[in-house]
Each structure stands twice: as C-alpha cells, then as structure tokens.
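Notes to accompany the following structure.
The values are calculated or read from the model by the stated rules, or taken from the named source; none is laboratory data. Keep in mind that this is a model prediction, so the values were computed, not measured. Every residue, glycine among them, receives a Cβ derived from its backbone with ideal geometry; neighbour counts consider all protein chains shown. Heads up: the accessible areas ignore ligands, DNA and RNA and are worked out on the full protein's heavy atoms, side chains in. Shrake-Rupley method; radii C 1.70, N 1.55, O 1.52, S 1.80 Å.
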2 protein chains.
Amino acid sequence: MTDHAGPGAGGESLLYLTDEQLRKGIEAMFFAYRGFTADPDRILAENGYGRAHHRALHFIRRCPGTTVNNLLDILGVTKQSLNRVLRTLIEDGLVESRVGNRDKRERHLYLTDKGAELETRLSEVQRERMRAAYRAAGPEAVAGFRKVLEAMMDPQLRAHFNRLKEGG
Amino acid sequence: MTDHAGPGAGGESLLYLTDEQLRKGIEAMFFAYRGFTADPDRILAENGYGRAHHRALHFIRRCPGTTVNNLLDILGVTKQSLNRVLRTLIEDGLVESRVGNRDKRERHLYLTDKGAELETRLSEVQRERMRAAYRAAGPEAVAGFRKVLEAMMDPQLRAHFNRLKEGG
DNA sequence: TTGGAATGTCAACAAGGCTGACATAAACTG
DNA sequence: CAGTTTATGTCAGCCTTGTTGACATTCCAA
C-alpha cells in the first residue's frame, strides 16, 4: 500500500499517485458500493421496494419533519421521481405527510411506526456491514476512510452531509 | 469529527461504534459515490452513453482480452444487460470482439483506439477527483480508505478486486 | 454423437431516472 | 388588492438499465 507519506507529519506535501493506484481506488469504490447496497437491497426486494424508497426512508428518519424540497436537495432527483416514491410510501402507511404550520404550502415528512420499523431493518444490516468493515480495518482506517469520502463529495453535497446530525 | 478511537493507539480492541456514527458512515458512502460518478456521467451523457457503458469500458481496458463471462462475473449483471451495452459499443467501434483461439465459443474483448480514447477521457476526470480527494485527505487516510472499502466488499467481489493488476 | 457450456438474440417487463406541461394553494411583493 | 413566486402534486411520455424466459448457434469434450 506504499504509504509514501512524504517528509513531515503534518503535511499535504506531494503525494505521488500513479494512474494505476488511482484506478485501483476507483475499482475499490465500485466493488465496495456493491457490497454496501447488497444487504438492504435483499430486504427491499422482499417488500417490493427499491433503493429509491430506502433513500427516502433513511433521510426522513434522520431529519424528521423535513420538507419535500429539502429532501429533493439531498437526494438530487426530480420532484416527479421523488413524488412517485413518496406516494407509495404514504399509501402504504410508512410515511406521514403533514401540512406546515408556518407555511402551509410545505409538507413535513415523518416515518410512521411501520415506516420506522422497515427503516430499522434496512439500516440494521447496512450498519452491520459498516461495523464489520470498520472493525476489520481498525480505528485509524475509519478516520481516513471518512476523510477521503468527504473530500470526494461535491461541495454542495458536503454541506448537506455536514449539516446532518453527527452522533459521534 | 470526534474520531473517538478508543483507548490505546495500536489496537483493534473494542471499537465503540454508535448507530449514529455508523449512519454517518452510510451517508458518507452515499454522498461520496454521487461525487465519484458525477464527472464521468457528464461526459457519458454528451456521448449518449450511460454508466453501464463506462463500467464495460473500464474493465475491458483493465483486462484486455477478457471474455464476456468474466466480465459478467465482475459486473454482476445478466448477460442480456451486458450484451445490450456491448452491442452498442461494438457497433460504435469502441470495442472489438474477437473469437477465441483455443475456445472459439468465447469472445475476447478489446478497446479500439476510439474506445481507448473515450475511456481515457472518462477515467481522467474520475482519477482527478480521486487524486484531489487523496491529496486533501493525506497518505494515511488513503491507506485507511482502501482498507475499509476492501473490508466492505462481498468476498467473491473482493477476490475479483484483488485479482486486478495492482499498480501500487 | 450427444450433452453441456458459452454466447447471442428476441420479447416483455419494471424500477427509477428524466423532461415538459399544467394545477393548486399559499405566501410574498408592490 | 393584483400579480408573481414558491412549494407541491400530477399526468404523460421517454430513456437506461436492470430483470426473466425462451430459443438458436457453436463447439468442446466425454
């Protein structure tokens, strides 16, 4: 893995990165993302949902009462796409949509108990995979992992990312 | 970012991982993957291709002469899906399919000059994003990043991953 | 020679992106 | 108050990319 840290501890010095090393990182992202989504995908398929539903459930749990517009920003899809997903989740009683108090144009989204239950099941297997990977890789690796991922995001998404409640 | 590494420096000891920390890692994967694919997606859209084409081009470049079956394993899609993509790439003169010598049922896949050119353009922007993230995060972070990603893969995919030529 | 493997192809279907157009209600602005 | 903007929902249609099932071809190997 040739750390090749350059001179001092602190620094951004030059970091030699061959095309091959970078390609390997690209492939690592590709294969890891497959693993990352594999477990929840199975549960979703059993219940007749897809990844789009998972994403909505995840962020509604994380930001209870979020508006549709905020969710659109986070997910980066069109309102038509999101609406299709939300409609089924609401019809199926997993998500509740409440008209806003201050601004009655806005809809605030919440998980119902049933929605929270499915979200928990999905999240559980995914967290378990993360936990196992974190443990296998060790604490320093975890810190590095998150640094690189954060640096890889588009700035606007990084802002969203950092705005989400940090639990640790 | 409160790394919270647990007691001593060295160890795998117990690594306390709250659900919130794990969720944050999940979100990091989600947002980072968006960034990861954003740049090539733009180039692909200009040329009327999609991510599936990119994946095929990437692995054909990495494994020149690979068979369709091998590619199916790596990509994890059905032969019908892959075939649709390969057909357009072959029709457009980006990929060449040569009948095998030893086993004439097999098709060996190669990029044409034109295909290599597009792959290079796609790869370039993606490598540039990786390079920037790696540099921003620092060498130790890169090592950790790859450790966690590798631990996150399904074993079978990890085997594929490790079989790919390592440039560093 | 026959079975099975590797490949290709056709058809149909679904999820989940997209655009464009249009509707409604509420809020804001002058 | 009139007009505009904002937030949301909805309809219709299109595309990519995944799926399954069925079937043809080719050819290695027993």
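Please note which helices (runs of 4 or more DSSP H) are completely contained in region A:37-149 and include at least 3 residues that are of a type in the set (Lys, Arg), away from DNA strand C (no atom under 15 Å from the Cβ) and within 14 Å of another protein chain (Cβ to nearest Cβ).
Those helices (runs of 4 or more DSSP H) span A:113-137.
Exactly one condition in (1) buried (at least 16 other Cβ atoms within 10 Å of the Cβ); (2) at pLDDT 95 or above; (3) more than 30 Å from A:Glu119 (Cβ to Cβ) is not met by B:Cys63; state its number.
It fails just one condition, (2).
Is it the case that A:Gly138 is within 27 Å of B:Met152 (Cβ to Cβ), of a type in the set (Gly, Ala, Ser) and open to solvent by 20 Å² or more (accessible area, probe 1.4 Å)?
Against the criterion (within 27 Å of B:Met152 (Cβ to Cβ), of a type in the set (Gly, Ala, Ser) and open to solvent by 20 Å² or more (accessible area, probe 1.4 Å)), A:Gly138 does not qualify.
I'd like the full set of residues that are exposed (fewer than 14 other Cβ atoms within 10 Å of the Cβ) and in contact (Cβ under 8 Å) with a residue 24 or more places away in the chain, limited to region B:99-120.
Correct list: B:Gly100 only.
Could you give me the residue pairs with C-beta distances under 6 Å whose first residue belongs to region B:33-54 and is farther than 22 Å from B:Asn83 by Cα, whose second residue is surrounded by 13 or more Cβ atoms within 10 Å (Cβ to Cβ) and of a type in the set (Val, Ile, Thr) wherever it lies, and which are 6+ apart or on separate chains?
Cβ pairs passing all conditions: B:Asp39/B:Val125.
Just one of (1) surrounded by fewer than 19 Cβ atoms within 10 Å (Cβ to Cβ); (2) touching a helix residue (DSSP H, G or I) at 6+ places or on another chain (Cβ under 8 Å) trips up B:Gly144, so point out which.
(1)
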